[in-house]
Amino acid sequence: MGFNMQNRYKQQRYTAADALNDALVTAGVDCVFVNTGTDYPPIIESWAKYEAQGRKIPRIITSPQETAAMSAAQGYAQITGEAQAVFVHLDTGTQNLGCTLHNAFRARTPVFVFAGLAPYTIEGELHGGRTSHIQFSQNGADQHGIVRGYTKLCYDYRSGHNIQQMTYRALQIAHSEPMGPVYMTATCEVLEEEGFDIRADMLEWGAISPAGLDDESVKTLVLALSKAKKPLIITSYSGRNTQCVGELVKFAEKLAIPVIEVNEQARMNFPGDNPLHAGFDSRGFIEYADVALIIDCDVPWIPAHTKPGDNCRVFYIDIDPLKEDIPLWYVRAEKFMRADSYTALRQLNGELEKDPSVLNESVIEFRRSKVHEIHRHMRESWKYTGGDEEHITPEFLTMCVREVVDDDTVILNETVTDRPVVDRLIPRNKPGTLFGKGGGALGWHGGAAVGMKLARPEKDIVALTGDGTFIFSCPTAVYWMAAKYNTPFMTVIYNNQGWNAPKQITASRFPDGFAVKANSFRASFEPSARLDLVAQAAGGGFAKTVSDPNEVRQVLAEGREAVREGKCAVINVMLPKV
Ligand SMILES: Cc1ncc(C[n+]2csc(CCOP(=O)(O)OP(=O)(O)O)c2C)c(N)n1
Ligand SMILES: [Mg+2]
């Protein structure tokens with residue numbers, strides 16, 4: 001065989017990189033958000049070969065920065081429940097994933113992360129061995145250790161022979177509750193292996209089935225809640241499964257139980273306009289409750305601020321009731337139940353239907369009218385009443401944003417100190433119309449909006465963000481990706497020209513301290529950068545800074561129009577300074 005023939009023959013062989021691609025395609029992974037390097041030749045070659053041969057590969061979304069890649073995969077999975085792939089470069093790309101992995105892990109969002117591992121041969125013994133200086137410095141002591149605390153599985157493909165099986169297993173783990181990111185690596189030697197024929201079948205590797213409550217728990221809960229005088233439900237992420245919202249409404253309405261959304265996860269769990277919606281803070285309620293049912297919630301109350309009364313019976317239904325990945329965590333509860341909240345609520349509703357005699361209608365109707373009254377008062381006190389005409393206040397801006405969104409708009413709320421304002425003034429009434437990063441790492445919204453729009457191009461997406469958070473989001477990568485892959489969305493920057501959050505907390509901890517006296521919080525971004533223009537330079541969309549209250553409505557309407565025409569809009573709104 002001449003060299004050319006041999007080479008062509010070789011190019012058509014089935015490699016481990018091909019097998020990895022086939023596994024992702026078979027598993028239904030739609031997108032690979034990719035940021036490559038020296039570890040990628042076998043994969044890049046495999047994708048090109050497949051394209052040339054008309055064979056299927058996922059959508060390859062070039063992601064100029066890992067924050068955007070990971071947040072896009074998280075956003076995609078948050079709106080669909082389906083893990084996407086993020087391909088990053090060795091230890092360095094993994095380190096750049098950094099805090100975005102924290103968000104996916106804390107939000108219990110499935111993501112399949114892959115990174116190369118430095119080649120393990122150096123003298124030309126195997127295909128894929130080291131051929132450049134940089135490959136020596138890429139050989140860190142414990143690449144997996146970088147992500148171990150924030151992944152459900154963290155492993156290396158040791159051989160092409162089981163690369164499909166291990167990919168399905170990784171995805172099975174990612175998709176099984178509590179869901180979360182998984183991390184797999186491979187060296188080029190492994191990715192270039194060839195000469196095997198594997199045909200694993202994804203159908204045999206599905207996520208584990210959702211678990212419900214045991215019979216005794218169902219009976220105990222129904223009895224406790226139907227006898228209660230002041231029952232309370234607290235939730236934070238039960239709306240992750242959009243079907244769960246209806247079941248929760250049904251259950252709460254049947255018993256007239258107020259529902260508090262502790263919105264640390266910013267999910268739509270219970271309709272904001274439902275008269276049983278009792279706000280976003282358990283303070284003022286939990287102290288008086290005699291039975292509290294917590295459903296899918298990491299922090300139902302802050303123990304340093306408040307807690308249930310001594311006689312309150314607390315029940316906990318959660319997909320992750322022990323919070324095993326939050327070492328210091330405890331809540332006193334009569335019963336912890338590991339269950340899928342949708343399944344559990346269906347069981348509870350079923351039990352109430354089976355035996356309505358447990359319900360004491362006069363008690364329930366009395367409570368219903370009381371809770372409705374509380375809801376009305378609460379909404380009245382939240383109403384924007386106008387006032388400051390000289391500045392754009394967060395309240396005024398939020399009222400204006402409310403006018404350009406509707407019940408179907410998907411809102412990504414990554415405002416920080418203005419988050420309660422957004423929660424209160426833009427109630428969400430439809431499941432799946434509110435998302436947050438789920439953890440504490442700022443900079444999720446931009447990538448997440450790209451991912452969500454890739455998954456659901458028909459949706460209108462509006463991202464609300466602080467100015468500091470906007471910078472964390474890597475806007476040059478985000479708006480380039482949005483333009484390249486046609487994912488228009490609107491961003492509104494709540495620009496108070498600084499980090500209000502660290503300032504607020506310092507002032508509250510040291511009210512008479514030096515920082516307060518000198519007004520020195522190291523939190524100012526003054527003079528502010530033209531953040532809108534950063535996005536425009538990257539993606540060419542609509543960009544405007546607005547500081548006149550009389551112009552806000554007009555600019556938001558123009559931004560919405562630009563998005564309808566297929567561009568991103570970034571509206572940088574100047575608020576009173578931090
Ligand atoms: C990646 C990351 N770095 C730092 C922080 C710490 N942090 C919490 S809030 C905050 C300020 C956010 O500023 P901005 O988005 O402008 O919102 P504001 O506080 O002004 O409302 C910072 C720096 C964080 N949460 N995540
Ligand atoms: Mg700010």
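Taking the DSSP beta bridges with both ends in the chain, the antiparallel portion is around 5 percent. Across all directions, the average flat footprint of the convex hull enclosing the Cα atoms of the chain is 30.0 nm². Students often get this wrong: which residues of the range 398-429 have the backbone nitrogen under 18 Å from the point 7 angstrom along Cα-to-C-beta of Lys383? Within reach of a label on Lys383: 398-400, 402-403, 424-427.
Peptides 51-64, 558-571, 401-414, 110-123 ranked from most to least packed give 110-123, 558-571, 401-414, 51-64, packing being the mean of other C-beta atoms within 10 angstrom over each peptide's residues. Within the same chain, lysines fewer than 8 places from Lys577 are excluded, and of the rest, those with a Cα less than 16 Å from its Cα are Lys503.
Projected over every direction and averaged, the convex hull enclosing the alpha-carbon atoms of the range 91-222 yields 10.7 nm².
Contact order, relative form, for the range 316-453: 16 percent (alpha carbon pairs under 8 Å, 6 or more residues apart, mean separation divided by residue count).
More than 20 Å apart: what percent of Cα pairs in the range 224-311 qualify? Walk me through the intermediate numbers first.
Working: 1035 of 3828 pairs.
Cα-Cα pairs of the range 224-311 separated by over 20 Å account for 27 percent.
Charge tally around Lys56: other residues with Cβ under 14 Å, Lys/Arg +1 each, Asp/Glu -1 each, net -1.
Highest-first packing order for the peptide set 343-350, 289-296 is 289-296, 343-350, based on the mean count of other beta carbon atoms within 10 Å.
Using alpha carbons only, how many degrees (0 to 90, rounded to 10) separate the axis of helix 242-255 from the longest principal axis of the chain? That works out to roughly 20 degrees. The Cβ shell under 15 Å around Ala482 holds other residues with a net charge of +4, Lys and Arg each +1, Asp and Glu each -1.
Is the C-alpha gyration tensor of the range 151-199 telling us rounded, prolate or oblate? Criteria: a/c under 1.5 is rounded; beyond that, a/b larger than b/c is prolate, otherwise oblate.
Values: a/c = 4.50, a/b = 1.87, b/c = 2.40.
Cα axes put the range 151-199 in the oblate bin.
Each peptide in 87-99, 312-324, 506-518 gets a packing score, the mean of other Cβ atoms within 10 Å over its residues, and the list from highest to lowest is 87-99, 312-324, 506-518. Working from label points 7 Å from Cα in the Cα-to-Cβ sense, the Ala48 to Lys323 distance is 5.0 nm.
Once a ≥ b ≥ c are taken as the square roots of the eigenvalues of the Cα gyration tensor of the range 286-347, is the result rounded (a/c under 1.5), prolate (a/b larger than b/c) or oblate (a/b not larger than b/c)? Oblate, because a/c is 1.5 or more while a/b does not exceed b/c.
Normalised by the residues of the chain, what does the relative contact order come to in percent, with Cα pairs under 8 Å and at least six apart? Relative contact order of the chain: 13 percent. Specify whether the C-alpha gyration tensor of the range 411-454 places it in the rounded, prolate or oblate class, a ≥ b ≥ c being the square roots of the eigenvalues: rounded for a/c under 1.5, otherwise prolate if a/b is larger than b/c and oblate if not. The shape class here is oblate. For a straight C-alpha distance cut-off of 28 angstrom, the lysines reachable from Lys219 (same-chain residues fewer than eight places away being disregarded) are Lys227, Lys229, Lys230, Lys250, Lys254, Lys307, Lys323, Lys335, Lys354, Lys370.
Bear in mind that the values in this text are calculations on the coordinates, not laboratory data. A quick note: this is a predicted structure, and the numbers were derived from the prediction, not measured. Counting neighbours? That spans all protein chains shown, and the Cβs are built from the backbone with ideal geometry, glycine included.
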